[in-house]
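Have a look at the structure below, then the notes.
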Amino acid sequence: DLKEMIQFARTKNPNVSVILGTLQTSFGVNEVKALATEMSTATSKVFASEPPAFSGGDVHSIPPDNIASVMYAKLKPILVENNICN
């Protein structure tokens with residue numbers, strides 16, 4: 001359950017920032033956005049990526065050993081916009 005995962009992360013770091021999103025389809029985007037709103041606090045923000053990080057067959061064309069760097073590139077605008085990293 002995503003709520004439990006966020007709460008667990010906060011036990012390790014009460015100021016953790018979390019980015020939620022869907023990988024390939026827009027199915028669940030509204031649920032992810034609602035969860036981000038519900039779980040965000042003043043000291044631990046939860047962000048929802050929109051649109052999905054990948055679309056169509058994109059996710060299948062990326063070698064498994066490169067998926068993390070591609071995912072980071074897709075999510076970096078959220079990180080920069082919210083001053084989470086530089």
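Please treat every number below as a calculation from the coordinates, not as lab data. On a predicted model such as this, the values are computed, not experimentally measured, just so you know. Backbone-built Cβ (ideal geometry, glycine too); neighbour counts: all protein chains shown.
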Would you mind getting me the FRET efficiency between E31 and V80? Use the beta-carbon distance for r and R0 = 22 Å, nearest 0.05.
0.30
Reachable aspartates and glutamates, given that their alpha-carbon falls under 18 Å from the alpha-carbon of K12 and they are not under 8 places away in the same chain
D1, E4
